[in-house]
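Just below is one structure, and these are the notes that go with it.
Here, each number is a calculation from the coordinates, and none is a lab measurement. Because the structure is a prediction, the values reported are computed rather than measured. So basically every Cβ, Gly included, is an ideal-geometry build from the backbone, and we count neighbours across all protein chains shown.
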Amino acid sequence: MEDSYFFARWDGTRFNTRGRSSCALGHRIARGPDARADGIFAQWSWDGSRLAASNDRYGLFPLFYSCWDGAIAISSSIPRLLAAGAPGALDEQAMSVFLRLGFFIGDDTPYAHIRALAPDASLTWDGALHLTQGARANGVAHGAIARASAIDGYIELFRQAIARRPPCGASLAVPLSGGRDSRHILFELLRQGHRPDHCVTTRHYPPRTGEDARVAAAIAHELGLPHVVLAQTESWFEAERRKNLLTNFCSDEHAWYLVAADYLNARAPVVYDGIGGDVLSAALFVTPLRLALFGGNAHAAAGHLLGPEPPALVRLLPEALYKNVSRERALAHLETEVAQHLDCPNPVGSFYFWNRTRREIALVPYGLLGALPNVFAPYLDHDLYDFLAGLPVQMLADHAFHSDTIARAYPRYAHIAYEDKHAPAADASSCQARFGRELALHLLPRAPSGMLRQRFVRPRMCASLLSRSFSASTHWYSPMALYLHQLGAPSAPG
């Protein structure tokens with residue numbers, strides 16, 4: 001999607017433009033003449049004097065814009081906006097949260113003059129910017145509903161969601177992990193007569209275990225489906241470096257998925273992604289403490305989410321920058337966002353969905369796989385989402401609701417276990433040592449970055465070239481050091 005951008009400037013007498021005058025990203029699913037289109041999408045069009053842009057109800061498809069000095073630029077790529085002239089000043093308030101949480105909140109990006117298009121937004125520009133946003137979809141509260149009835153409702157609405165998203169005869173590869181979301185999708189596709197050509201599982205970089213591959217292989221064997229296991233083909237350092245650019249500097253995750261993205265982008269016109277299933281129906285991130293804090297104390301909840309201060313921040317950032325992205329600043333900004341979710345049926349799930357799911361997890365299906373025409377997200381079918389988001393959190397808090405739903409819907413396969421969360425971690429020392437060495441070889445010949453405290457970083461990079469054990473010991477700060485270096489020079493090769 002490198003050409004997915006548009007730029008316009010009003011010089012007082014006429015508009016000067018370049019890039020694509022119209023662009024439609026993602027997919028739409030019609031729901032009738034009076035209903036908002038389902039699906040995950042973003043689009044813009046230019047008619048010669050007016051730019052108009054809009055997106056889906058969740059704002060999941062990454063689309064960014066910047067207005068400055070009588071100009072506007074819009075794109076799915078932040079580096080492309082910067083190359084088009086968007087100001088590159090850091091948004092230090094936004095960064096104060098990202099550097100502690102690993103994802104941005106609201107419509108923040110690393111840059112003060114670049115914003116993510118808000119959910120269900122309508123943007124117009126005719127020399128001046130006009131932006132409206134629909135109401136956030138918070139689910140439909142059920143009142144009193146029995147757990148068995150809720151499970152039955154989940155089964156039926158999920159079947160409806162898949163039926164609305166048929167593969168239409170296209171070649172179909174189903175990403176399959178050891179968890180619940182992809183398993184549920186696969187079972188229902190088969191029930192509706194859509195047999196995949198094969199399933200695809202990706203091995204993680206250590207210390208993550210091989211549980212995904214083990215469990216997925218057992219499922220594929222039970223179903224008689226071909227199963228492709230993708231090994232990592234590039235070093236963790238190279239994957240991390242490429243990931244930072246491809247995710248627009250908006251994620252501390254996803255390097256492991258690049259090998260799957262390369263594979264699927266080349267072979268699979270239709271992909272089903274389980275985004276949202278864990279937060280909406282498995283109560284991911286819900287704990288008794290978080291529920292208590294989200295019961296009304298936004299300040300305390302925000303402080304809990306931030307957690308203890310990451311040691312890497314104190315050591316890596318120059319003193320002035322560390323002061324400008326302080327924990328106090330992060331706490332105040334995060335508290336404002338948390339407060340918007342306190343009245344939801346599942347306030348913890350709502351916060352994570354509209355921030356981590358929307359701004360970070362979506363960067364896999366609609367960032368790394370964004371060029372594919374159909375990456376379906378059945379858990380975000382409007383009817384299913386409204387149902388799940390409205391369930392009382394107490395029904396989900398035991399983390400068994402999704403498992404019980406799958407077992408009831410597909411009893412034939414209820415014996416297949418899920419991944420073992422307590423499996424021993426894989427030895428990561430070799431991978432970490434290589435990362436530290438490759439980081440040193442990459443950064444030492446380059447001009448020092450103002451984003452890094454050089455008196456901390458440079459001696460340690462030199463030591464990493466001399467000692468494998470020392471290089472392995474740098475893993476607690478090396479990925480952040482690479483991120484900060486690239487953030488300081490986003491249009492450079494990396």
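A few points about this structure:
- Mean separation of Cα contacts under 8 Å, 6 or more apart, over the residue count of the range 429-488: relative contact order %: 51
- Evaluating 6.51 cos²θ - 1.76 cosθ + 1.60 at θ = phi - 60° for every residue in the range 397-405, the Karplus couplings come out as 5, 7, 6, 10, 4, 5, 4, 5, 5 Hz, glycine and proline recorded as x.
- For the range 10-17, backbone phi angles converted through the Karplus equation (6.51, -1.76, 1.60; θ = phi - 60°) give residue-by-residue couplings of 9, 9, x, 10, 7, 8, 10, 10 Hz, Gly and Pro being listed as x.
- From its DSSP helices (H runs of at least four residues, each -39,500 (n - 2.57)), the chain gives a residue-normalised ellipticity at 222 nm of -11000 deg cm²/dmol.
- For HIS299, HIS341, the sequence from fewest to most other C-beta atoms within 10 Å is HIS299, HIS341.
- Gyration tensor (alpha-carbon) shape descriptor, the range 429-488, a/c threshold 1.5: prolate
- Working from label points 7 Å from Cα in the Cα-to-Cβ sense, the TRP476 to GLU234 distance is 2.9 nm.
- Once backbone amide H atoms are built at 1.01 Å from N, ILE40 has HIS27 as its partners under 5 Å, excluding neighbours fewer than 5 places away on the same chain.
- Electrostatic tally near PHE456: other residues with Cβ closer than 14 Å to its Cβ, Lys and Arg +1, Asp and Glu -1, net +4.
- Here the Karplus curve 6.51 cos²θ - 1.76 cosθ + 1.60, taken at θ = phi - 60°, turns the phi angles of the range 310-319 into couplings of x, x, 4, 5, 4, 8, 7, 7, x, 4 Hz, with x standing for Gly and Pro.
- Alpha-carbon centroid distance for the pair the range 232-285 / the range 167-205, whole angstrom: 16
- Anisotropy class of the chain from Cα gyration tensor, a/c 1.5 cut: rounded
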